[in-house]
1. For the range 175-193, name all the residues that are surrounded by 15 or more Cβ atoms within 10 Å (Cβ to Cβ) and either within 9 Å of Leu204 (Cβ to Cβ) or hydrophobic (A, V, I, L, M, F, W, C) (or both).
2. Just name the residue that is farthest from Glu81 (Cα to Cα) out of those in the range 200-232 that are β-branched (Val, Ile, Thr) and part of a helix (DSSP H, G or I).
3. So which residues in the range 282-304 are within 14 Å of Asp362 (Cα to Cα) and either more than 11 Å from the ligand (Cβ to nearest atom) or assigned to a loop (DSSP other than H, G, I, E, B) (or both), if there are any at all?
4. Scan the range 220-245 for residues that are under 18 Å from Leu69 (Cβ atoms) and away from the ligand (no atom under 12 Å from the Cβ) and jot them down.
5. Considering only residues that are in contact with a strand residue (DSSP E or B) (Cβ under 9 Å, 6 or more places away or on another chain) and of a type outside the set (A, V, I, L, M, F, W, C), look in the range 318-354 and name the one that is modelled with the lowest pLDDT.
6. With Arg166, Arg136 as the choices, which residue is modelled with pLDDT under 95, within 20 Å of the chain's Cα centre (by Cα) and assigned to a helix (DSSP H, G or I)?
7. Does Glu248 satisfy the criteria of being within 16 Å of the ligand (Cβ to nearest atom), in the same structural domain as Leu137 (by TED's automatic domain parsing), touching a residue at least 60 places away in the same chain (Cβ under 8 Å) and part of a loop (DSSP other than H, G, I, E, B)?
8. Residues Gly373, Gly366: which one is surrounded by 14 or more Cβ atoms within 10 Å (Cβ to Cβ) and either among the small types (Gly, Ala, Ser) or without any contact (Cβ under 8 Å) to a residue 24 or more places away in the chain (or both)?
Amino acid sequence: MPETLTITDNRTGKSYEISIADGTIRASDLRQIKVDANDFGLMSYDPAFMNTASCKSSITYLDGDAGILRYRGYPIEQLAEQSTYLEVAYLLLHGELPNQTELAAWQHSITTHTFVHEFLKRALEGYRYDAHPMGRLVAFLATLSTFYTDAKRVREPEIRMQHVVRIIAKMPTIAAWAFRHSLGRPYVYPNNDLGYCGNFLAMLFQIAEPKYKVNPVLERALDVLFILHADHEQNCSTSAARGVGSAESDPYVALAAASAALYGPLHGGANEAVLRMLKKIGSVKEIPAFIESVKHGDGKLMGFGHRVYKNYDPRAKVIKKLADDVFEVTGRNPLLDIALELEKIALSDEYFIKRKLYPNVDFYSGLIYQAMGFPVEMFPVLFAIPRASGWLSQWSEMLDDPEQKISRPRQIYTGTDVRNYVPIAKR
Ligand code: CMC
């Protein structure tokens, strides 16, 4: 079977044969299709990238119809069950699981880069107590760029990796300090004796105890949530990281841009929006009226629907199970009953069935975060911390891809044709 596509341009009667590779045609092959020599050539128009692959990637495989998610070939369910977040971060970045020596070295370098410059602490103090922690995260990442002037040398693999380590290591520190600042609590410095998530929990919640005792169930739950959030191929924030990084900006500002994208309620901010929605619904008996209002276009059922998943999000399945372990320690989140009933009603309702709207990763994660003591504003930050490893893997892959260039979409100009400037007195 020839792997080509024949296109006949009915404007000119000419036919063109275009190659197909990986089920894809190259949009630039369309440029040869012209009505005359002065014609720019045919372009494809694809607002919101509904059907356009922007890159080749070997990091994450996602089959939205089948509800499959794999990192470097490993099913997300196996990683959530058996791996750790730091091991997964290594896998995403390097393509293979580490052996024992590699993992020990990786954990050591992350652990020894968790401290941040004292100046950043002072910068934190400039924020109001109620500043959203995502806004602060965006700013801190950009601020870190000013500390590491060599981070711009993105083409030098060793330097690149140094900054990758720094970012993954420092994300929990800056997130925890943003949280402490909101509460007016003194900042807790990283503790190198603790693991990645244990250290994060200590920096968040330690008060006067000389050694914070991390609850192993909560530490593991956070680690699993971090694994589930580590990468999700070419979503809005990853595309932002790749887009900004394609200008060879340093990784700190590329990740500041990615975090800014993640902040939005249609993306990583959805977990926060779900909790606010569940609170607003208030009780199980209000659910039918709420569902009706959504169907009439009055807002969305937050935590439902996905651009790619047209099936149950496999991450949501793992999180739903994880919630039971967490609630055994923290006590049951009373909003869980509303969420469960909401899911049950939505999944049997024609409106949601027809549109293939299922719970996504954000539907249940917020319930766990809230039970663990996080305020809703921190939820997107908890998404951003592990996603940093995915963003950095994707950013690095983009830099090494010889087919990639500075990201620069085309447009269809719909404005006025040329006209002469009119001096203000004559307008
Ligand atoms: N509640 C009600 N209706 C919905 C929802 C929803 N959550 N999501 C989509 N629809 C409807 C939408 O109105 C449209 O209906 P119609 O065909 O009658 O116009 C249809 O379903 C198709 O939706 P779409 O807006 O074309 O889908 P999209 O791919 O552009 O949007 C989405 C995907 C995730 C932005 C959207 O489903 C949404 O806003 N969901 C709620 C926010 C959310 O939970 N976001 C987290 C996504 S997962 C984590 C992440 O990526 O960060």
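The values are calculated or read from the model by the stated rules, or taken from the named source; none is laboratory data. Here the structure is a predicted model, which means the values were calculated and not measured. Counting neighbours? That spans all protein chains shown, and the Cβs are built from the backbone with ideal geometry, glycine included. Accessible surface areas use protein heavy atoms only, side chains included; no ligands, DNA or RNA. Shrake-Rupley method; radii C 1.70, N 1.55, O 1.52, S 1.80 Å.
1. Correct list: Ala175, Ala176, Trp177, Ala178, Phe179, Arg180, Val188.
2. Val217
3. Hits for the range 282-304 are Lys300, Leu301, Met302, Gly303.
4. Within the range 220-245, Asp223, Val224, Leu225, Phe226, Ile227, Ala230 qualify.
5. Checked the range 318-354; the qualifying residue modelled with the lowest pLDDT is Lys320.
6. Arg136
7. no
8. None of the other options fit; the residue is Gly366.
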